[in-house]
1. Between THR180 and VAL207, what length comes free when the chain is fully extended (0.36 nm per residue of separation minus the Cα-Cα distance, one decimal in nm)?
2. In terms of modelled amide H atoms, which long-range or inter-chain residues lie less than 5 Å from the amide H of THR206?
3. Taking a 1.4 Å probe, which of ASP178, ASP246 shows the most accessible area, and what order do the others take after it?
4. Sort ILE154, ILE325 from largest to smallest accessible area, using a 1.4 Å probe on the heavy atoms of the protein chains.
5. Which whole-Hz ³J(HN,Hα) couplings does segment 67-76 yield from phi under the Karplus relation 6.51 cos²θ - 1.76 cosθ + 1.60, θ = phi - 60°, glycine and proline marked x?
6. When the Karplus curve 6.51 cos²θ - 1.76 cosθ + 1.60 is applied with θ = phi - 60°, which whole-Hz ³J(HN,Hα) does each residue of segment 156-162 get, with x for Gly and Pro?
7. Please turn the phi angles of segment 245-252 into ³J(HN,Hα) values with the Karplus equation 6.51 cos²θ - 1.76 cosθ + 1.60 (θ = phi - 60°), one per residue in order, whole Hz, x for glycine and proline.
8. Heavy atoms of the protein only, probe of 1.4 Å, neighbouring chains included. What is the accessible area of LEU301 in Å², nearest 10?
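The values are calculated or read from the model by the stated rules, or taken from the named source; none is laboratory data. Only a predicted model underlies this, so the values are computations on that prediction, with no experimental measurement involved. Reconstructed Cβ throughout: ideal geometry from the backbone, glycine too, with neighbour counts over all protein chains shown. These area figures cover heavy atoms from the full protein model, side chains too; ligands, DNA and RNA do not enter into them. Shrake-Rupley method; radii C 1.70, N 1.55, O 1.52, S 1.80 Å.
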Amino acid sequence: MKRYLIVKLIAVNLVVVGFAVVVVWLAIDTLAAGYFVTLMEKYHISPEPAHAMFVDSIHRYLIWAFGGAIFLAVVLSYVMNRRILGPLTRMTAITSEIAAGEFSARVPVATADEVGRLARAFNRMAENLEKIEHLRRSLMIDVAHELRTPLTNIRGYLEALNDGVLPPEAETLSLLQDETLRLVQLVEDVLALARADAASSQLELTVVDPKAMVDNTVATFAPAITNKSLVVRLNAPATPEPIHADRDRLARVLRNLTDNAIQYAPPGTVVDITIEADGKWVRLDYANVAGDILPDDLPYLFERFFRGEKSRSRHHGGAGIGLSIVRELVEAHGGKVHSELANGMVHIGFSLPLATARDAEQP
């Protein structure tokens, strides 16, 4: 009985029914029977036989009523409790499956009551766990794939040097250094991505000026802009609306977007950076010549390790993590990212709530 909740619930009903019968039984014996005897004496009728017949009849009918009530209580309680506890029982079984790594199991939702809402919440939790597990496996596969290339190259060069196939010249050592730096950068990018995943609980929000931050970010890329003969134009109000953001993490977002635009913009072209507000959001957009970007690539630009097939030669460098970090950090701030193609230009950016809009939502 300690293990089965349905038995406990039925037992509670039986106790209630039994208590009600005992109370009625005692009431008949002490009150109704006494009242019956008083009436018999008032009308000069011998009370003994009638009293005994009355009490016996009442007790007999009470026993039948008790039996019927017990039967009805057991049946109804069993049906209702099975209906209530059925999803809970399935949740217990599915929990064991999830603990064993089977994240596709779901609880059937048959009602709209509290149990139904619990089942839907359980299914949402299972879906999120499935997504997390899928992302974890994908991340492991992608990281292993990205690490394999530089490690294979380094191994090949070292074996060639060891076998005397390649002489230890400066060019060979420089290639080894480049592959090592690529490997170090990849590890740092993966670490930054992991930190971005956990950023939502570690944000230190302050009121920041997005235009000033963009100016500072672009200034740090001045040598790269000069080397590619790019023209960077910032289109923003003189005094743009402030936003609530973690200054350090927003700076990482702007660095990644600026670096992405400069890397993929063809030499001698224009990179437009636009800041605009619509009353609730501040939208920041980077636009450069699309190059090899295809419309089918747009939904995947912010995915981890994604690179368009035409750029998979690593001509531009990078492992396809920068924009993933942007999405993680922007969503941690309650914002949203966007990617669009228009008139031969690719637009990549994000939107964050205005400081005034965020303040208005505070209780």
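1. 5.8 nm
2. Amide H neighbours of THR206: ALA245, ASP246, ARG247.
3. Result of the area sort, largest leading: ASP178, ASP246.
4. Highest to lowest solvent-accessible surface, that is ILE154, ILE325.
5. Once θ is set to phi - 60°, the couplings for segment 67-76 become x, x, 5, 4, 4, 5, 5, 5, 5, 5 Hz.
6. Taking θ as phi minus 60°, the curve returns x, 5, 5, 5, 5, 5, 5 Hz for segment 156-162.
7. In residue order, the calculated couplings are 7, 7, 4, 5, 6, 5, 4, 5 Hz.
8. Accessible surface of LEU301 is approximately 20 Å².
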